[in-house]
Protein chains: 2
Amino acid sequence: MYLTQGLHRCLQQRPADIAIRYGERTRTFAELGARVARLAGALQSLGMGDGDRVSMLALNSDRYLEYMLGVWWGGGVLNPVNIRWSVPEIVYSLDDCDTRILLVDDHFLPLAQDIAATAAHRPTLVYTGEREAPQGMLAYEALIAEAQPVADAFRGGNDLASIMYTGGTTGRSKGVMQSHLNLWSSAISRMAEFRSYEHAISLHAAPLFHTAAMARAVGHFVAGDTHVVLPTFEPRAVLEAIERDRVDEILLVPTMLQAVLEHPDFKQRDLSSLRRIYYGASPIAAGVLDTALAALPGIEFFHAYGLTEAAPVVSVNPPANHGPEGRASGLYRSAGRAGFGVSVKVVDADGVEVPRNTVGEIAVRGANVMLGYWNKPEETRQALRDGWLHTGDGAYMDENGYLFIVDRMKDMIVTGGENVYSAEVENVLSRHPAVAQCAVIGIPDARWGEAVHAVVVARAGTRVDESALREHCRQFIAGYKCPKTIEFREALPLSAAGKILKRDLRAPYWQNQTRQVS
Amino acid sequence: MYLTQGLHRCLQQRPADIAIRYGERTRTFAELGARVARLAGALQSLGMGDGDRVSMLALNSDRYLEYMLGVWWGGGVLNPVNIRWSVPEIVYSLDDCDTRILLVDDHFLPLAQDIAATAAHRPTLVYTGEREAPQGMLAYEALIAEAQPVADAFRGGNDLASIMYTGGTTGRSKGVMQSHLNLWSSAISRMAEFRSYEHAISLHAAPLFHTAAMARAVGHFVAGDTHVVLPTFEPRAVLEAIERDRVDEILLVPTMLQAVLEHPDFKQRDLSSLRRIYYGASPIAAGVLDTALAALPGIEFFHAYGLTEAAPVVSVNPPANHGPEGRASGLYRSAGRAGFGVSVKVVDADGVEVPRNTVGEIAVRGANVMLGYWNKPEETRQALRDGWLHTGDGAYMDENGYLFIVDRMKDMIVTGGENVYSAEVENVLSRHPAVAQCAVIGIPDARWGEAVHAVVVARAGTRVDESALREHCRQFIAGYKCPKTIEFREALPLSAAGKILKRDLRAPYWQNQTRQVS
């Protein structure tokens, strides 16, 4: 099992079909295969040996997909850089796993020299942009043109395929080691669950450095689908691409979907080709779901819950639960059930399974579970215990195996000795018609240890105040769960994957505190 | 990755649904899970340790599926017995891999004591039949009733899941070592290719000891489908079960399908539930395909080519190629293209890929490829070279990656220095309206080394003689390829999997020859 296998199949069976569309540029499988074999040769000539890491710091492009395939073809390991990170964060992730080659596009060119200058092993810089290569950087296209194509190294199975640095929403960054088998088993399992037509045209608008988009790309490689690539998420460009390229499916987290639905172009574009929307990061708000179903009749929503350590999908909530029945029962807010090839249980602090409808920590087992954290044996032992990945995510499971995520275990608020799951409070707050978005966090409190604090984005054109929202909450949940304080903002800080960055919301409150929750 | 995972998912998500129907007996997933955990405990108390082999000699039943899951749950390895074998052949397969427990049903009871008496390690005999357990045998139901349920051993990944003895059609029997990952990756890949609806009702009529039926059962375990089990293939019972249980899909090799289509009950039964027929062993004859498509409108045919060493599927020919276009182009006779997760190439004697449309040996790579042959390092080295499984099957590949099997390399006939592929001659013969079935073999010839010999089953109600058939062949193929001699029979010898046993056809001719081809 190796992640270039899908490319080999397409080269054998359908070489003239379109593999990638990026703006005006298209690549057939034959062209892609030839470029990948040369890129692999170029990387090897730059010193990439079996299992060596190669990084890319770039917006999405056809070259991002070539980077993935070319590194694997040549026997290397991906270490894709989170595009939201600062130079010190990037340098940490490169140095931590000894990355010696870094590909950089036009957008991130201003950071390139700083990174190279501060990294412990000054990486070879490859420029993947559209202009002349700057001084001190090698030109991607020239490397491909000059390199000899090499044979596939056929690394696979339990060999390392990628090191994905997590962080963003919780704690210190760790390098998640994903094997070829991890990514392949995750991709093929989703295909078995979701697939019902051949040769999809799939739009990449979410960032490819992120494990969700990358795993989806792996699935499309296996199936030989056509990738339509946008440099970054931009609602107007998404709408234009769907119409122009007759896109079948797209990954859009709820915050992105909302932006697409609210864009003035939405009603002008022919979106009739779109069959499926995949989403993760969070459940979908009822209002967004209703709007989407009304505006895109027949659209199918697939929700997946996962994490980088599970490469990434753990559970799946199918389209059926997004219809009227799922809306009525509330099942549309579930993170779904264990997917094919994945075992899931909810456990207590001792790793013992808790009864249904009792909150505990999600534990996962399957071929998708990571090899461990790079160079972090202690953290690996903490995460992988008794054959199960302990996710740190809190949830309960209903009688039919559906998971309902309540929180990161670390996001749980302890106030006056009581546990408060912020998700429960957020669910109640979001039912108020004036609340567009919200996040609930714990902030230091002299008396209670922590106090429940809400950050709210009000819906445009509405008016609401703190006491009205507190009154609303008291109708549904216990007093100790209701926000003690509520703060209104224009927007919430989001990660590149569309997750609300609670760490950033909490930071100012905890700055001078000795006890830090996250 | 472990092969009991699908059962765990169903226990978690849908415990009250029907897992198995066998005659009047049904088992829900909850019942099946409880029985499997107890059977695993019983087998462990009989001495089954991690990786130990357990055999079953039986027709199909619900207990056959319990045997599969119970052995895996308890940490053991399957060694299913070929039901066509004689006592010495069975004893060889048990002794070769040191099997200490043997399950036997009513049908094979007469062989049980003989086997136990002649096996090197007298195996513990477990009676899985419907009556009182005979003297010297343990009762399956009593074992389950008395055993304590045990926790899943969670063996998986590259751990051994089964040792499948091949033979039947070629050479000496070898134990093919299949891992959990081999069987799982094969099953999940087919699901990704074929799946388009949930919770299939699937009929097992082909023998479960065979890798094709077993791999299909594994897929149904993953999906949580309902297994309807018949003890053995019998056209009347197949038709009755499809109607009674509203069966969605079935595995029927072409010889079985033909028998079903020609059965007097065919027109009496309501077969409207049937959506799919899977087949292997050989391509489908045009006449059978046309009859089936006319009689079962909308039916989908999936053809898979494979071998036990590939656990088993290598390539797949989808329904589209069984329609009018595929009939016209001849693509319906292809073995299909490399399936998801499988790499295929056609190579020469040095392992170098040959040009398209050139005959060579099929080589296979993927997570489905066996671990090797049990206790046969030399045969393993022969089969697994340079990372590829060398199948011994001859074929050519067309421009679009479609494989056309010409023969077992060993079935190739060498006559007067020319290679003759029996499949080519059989294809021509079968186009004659009077030919119902045929097989072409090489027989000793003093002048040519081997001579081309045909065995023909004439269609009922037709008359044809040797010279007319030879004349027919000369219109399509070179003289040296035409049968020198033609023999008419009532029927051809078939293996349990429905393959024509050419070895049996050849045997009488080669008995006293020093040079033996197969």
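Residues in the range A:432-455 that are modelled with pLDDT of 85 or more and over 26 Å from the mean Cα position of the chain (by Cα): A:H432, A:P433, A:A434, A:I443, A:P444, A:D445, A:E450, A:A451, A:V452, A:H453. Which residue out of B:G287, B:G219, B:G280, B:G224 is more than 21 Å from the chain's Cα centre (by Cα) and within 30 Å of A:V222 (Cα to Cα)? Among B:G287, B:G219, B:G280, B:G224, only B:G224 is more than 21 Å from the chain's Cα centre (by Cα) and within 30 Å of A:V222 (Cα to Cα). Taken over the range B:92-105, the criterion of being of a type in the set (A, V, I, L, M, F, W, C) and crowded, with 20+ Cβ neighbours inside 10 Å is satisfied by B:L94, B:I101, B:L102, B:L103, B:V104.
Could you pull out the residue among B:V406, B:V364, B:V420 that is of a type in the set (A, V, I, L, M, F, W, C) and either within 14 Å of another protein chain (Cβ to nearest Cβ) or more than 26 Å from B:A507 (Cβ to Cβ) (or both)?
Sole residue among the options that is of a type in the set (A, V, I, L, M, F, W, C) and either within 14 Å of another protein chain (Cβ to nearest Cβ) or more than 26 Å from B:A507 (Cβ to Cβ) (or both): B:V364.
Per-residue answers, yes or no, for (1) within 28 Å of B:M177 (Cβ to Cβ); (2) within 26 Å of the chain's Cα centre (by Cα); (3) surrounded by 23 or more Cβ atoms within 10 Å (Cβ to Cβ):
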{"position": "B:A16", "(1), (2), (3)": "no, no, no"}
{"position": "B:T28", "(1), (2), (3)": "no, no, no"}
{"position": "B:G41", "(1), (2), (3)": "yes, no, no"}
{"position": "B:W72", "(1), (2), (3)": "yes, yes, yes"}
{"position": "B:V87", "(1), (2), (3)": "yes, yes, no"}
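The lone criterion from (1) touching a Lys or Arg at 6+ places or on another chain (Cβ under 9 Å); (2) modelled with pLDDT under 95; (3) more than 14 Å from chain A (Cβ to nearest Cβ) left unmet by B:Y140 is number (2). Screening the range B:352-371 for residues that are surrounded by 19 or more Cβ atoms within 10 Å (Cβ to Cβ) and of a type in the set (V, I, T) and picking the one that is farthest from B:Y165 (Cα to Cα) gives B:V359. Every residue in the range A:143-162 that is out of contact with any Leu (no Cβ under 6 Å at 6 or more places or on another chain), away from chain B (no Cβ under 12 Å) and not acidic (D, E), please. Scanning the range A:143-162 gives A:L143, A:A145, A:A147, A:Q148, A:P149, A:V150, A:L160. Based on this model, can you work out whether A:V344 counts as in contact (Cβ under 8 Å) with a residue 40 or more places away in the chain, away from chain B (no Cβ under 14 Å), buried (at least 18 other Cβ atoms within 10 Å of the Cβ) and not charged (D, E, K, R)? Answer is no for this residue.
Scanning the range A:170-187 for residues that are at pLDDT below 90 and facing chain B (nearest Cβ under 8 Å) gives no hits. Residues in the range B:82-106 that are modelled with pLDDT under 90 and among the basic types (K, R): B:R84 alone. Within the range B:367-382, restricting attention to residues that are among the polar types (S, T, N, Q) and more than 30 Å from A:I188 (Cα to Cα), the residue that is farthest from the other protein chains (Cβ to nearest Cβ) is B:N375. Any residue that is surrounded by fewer than 16 Cβ atoms within 10 Å (Cβ to Cβ) and farther than 13 Å from A:A205 by Cβ - is there at least one of those in the range A:228-241? Among the residues of the range A:228-241, not one is surrounded by fewer than 16 Cβ atoms within 10 Å (Cβ to Cβ) and farther than 13 Å from A:A205 by Cβ, which makes the answer no.
Among the residues of the range A:369-383, the one identified as among the aliphatic types (A, V, I, L, M) and assigned to a helix (DSSP H, G or I) is A:A383.
Give me the residue from the range A:414-430 that is among the acidic types (D, E) and under 26 Å from the mean Cα position of the chain (by Cα) and, out of that set, modelled with the highest pLDDT. Top of the filtered list is A:E426.
Against the test of being farther than 25 Å from A:N427 by Cα, in contact (Cβ under 8 Å) with a residue 12 or more places away in the chain and in contact with a helix residue (DSSP H, G or I) (Cβ under 9 Å, 6 or more places away or on another chain), the options A:L274, A:L289 yield a single qualifying residue, A:L274.
Applying the criterion of at least 3 residues that are of a type outside the set (V, I, T) to the strands (runs of 3 or more DSSP E) found wholly in the range A:384-497 leaves A:388-397, A:403-408, A:435-445, A:449-458, A:485-489. Of all residues in the range A:1-53, those satisfying the criterion of being without any contact (Cβ under 8 Å) to a residue 40 or more places away in the chain, within 14 Å of chain B (Cβ to nearest Cβ) and not in a helix (DSSP H, G or I) are A:P15, A:A16.
Considering only residues in the range A:381-405 that are of a type in the set (G, A, S) and either over 18 Å from A:Q178 (Cβ atoms) or free of Cβ contacts under 8 Å to residues at least 40 places away in the same chain (or both), the one that is surrounded by the most Cβ atoms within 10 Å (Cβ to Cβ) turns out to be A:A395.
Looking across the range B:49-67, the residues that are crowded, with 24+ Cβ neighbours inside 10 Å and among the hydrophobic types (A, V, I, L, M, F, W, C) come down to B:V54, B:M56, B:L57, B:A58, B:L65. Restricted to the range A:114-142, and to residues that are loosely packed, with under 12 Cβ neighbours inside 10 Å and without any contact (Cβ under 8 Å) to a residue 12 or more places away in the chain, which residue is nearest to the chain's Cα centre (by Cα)? Restricting to residues being loosely packed, with under 12 Cβ neighbours inside 10 Å and without any contact (Cβ under 8 Å) to a residue 12 or more places away in the chain, the top hit is A:A117.
Of all residues in the range A:298-334, those that are hydrophobic (A, V, I, L, M, F, W, C) and part of a loop (DSSP other than H, G, I, E, B) total 3. In a residue-by-residue description of the range B:456-476, the property of being in contact with a Gly (Cβ under 6 Å, 6 or more places away or on another chain) and at pLDDT 85 or above applies to no position.
Listed by first and then second residue, the pairs with beta-carbon distance under 8 Å, at least 6 apart or on different chains, first residue in the range B:146-158 and of a type in the set (D, E, K, R), second part of a loop (DSSP other than H, G, I, E, B), are B:D152/B:Y2; B:D152/B:T4; B:R155/B:Y2; B:R155/B:D50; B:R155/B:G51; B:R155/B:G75.
Tallying residues that are more than 14 Å from every other protein chain (Cβ to nearest Cβ), within 14 Å of A:L389 (Cα to Cα) and not charged (D, E, K, R) within the range A:298-341 yields 4. Could you check how many residues of the range B:471-483 are crowded, with 17+ Cβ neighbours inside 10 Å and basic (K, R)? Summing the residues that are crowded, with 17+ Cβ neighbours inside 10 Å and basic (K, R) in the range B:471-483 gives 1.
In the range B:259-277, the residue that is nearest to the chain's Cα centre (by Cα) out of those that are closer than 21 Å to B:R190 by Cα and among the basic types (K, R) is B:R276.
The values are calculated or read from the model by the stated rules, or taken from the named source; none is laboratory data. Computed from a predicted structure; not experimentally measured. Note that each Cβ is placed from the backbone with ideal geometry, even for glycine, and that neighbours are counted across all protein chains shown.
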